[in-house]
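The structure appears right after this line, and notes come after that.
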Amino acid sequence: MKYSTQVKPISYLKSHAAEIVSTLSQTRQPLLITQNGEAKLVVMDVKSYEAQEETFALLKLLALGKREMDQGRFRDVEDVFTEIDALDPK
């Protein structure tokens, strides 16, 4: 997505708030708001925000896992399954 097509001045935000809410809810594309010609904030619908937060959380988990692997803090998958099988009270 190109932010250049979704750039509006803060005055537009002030005078078209209801329209912006409706549009963002439908299109799920964020809106870049400028003040004095400078980018100041991004407005987005809540579903997109929640999806973004979930993505960030998953990326953080992946980064933490990679760091643990780089530090040698992991176990062989066969050992883990052997331990799980030993716990199963069949």
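Readers should treat all values here as calculations from the given coordinates under stated rules, not as data from a laboratory. Values in this document were obtained by computation on a predicted structure and should not be read as measured data. Using ideal geometry, Cβ is built from the backbone for each residue, glycine included, and neighbour counts are taken over all protein chains shown.
Descriptive notes on the structure:
- Total lysine pairs in the chain at Cα distances under 24 Å, for residues eight or more apart or on different chains: 8.
- Put the Cα centre of the stretch 58-90 next to the Cα centre of the stretch 1-42 and the gap is 44 Å.
- The stretch 1-44 pair-distance distribution - Cα-Cα, 10 Å bins, rounded %: 30, 61, 9
- The chain: DSSP helices with Cα axial extent of at least 30 Å and average Kyte-Doolittle hydropathy no lower than -0.5: 46-70
- Histogram of C-alpha separations across the chain, 5 Å bin width, %: 2, 11, 14, 14, 10, 8, 7, 7, 6, 7, 6, 5, 3, 1, 0
- Per-peptide average of other Cβ atoms within 10 Å, ordering 7-14, 77-84 highest first: 7-14, 77-84
- Three-way shape label, the stretch 27-70, alpha-carbon gyration tensor, a/c 1.5: oblate
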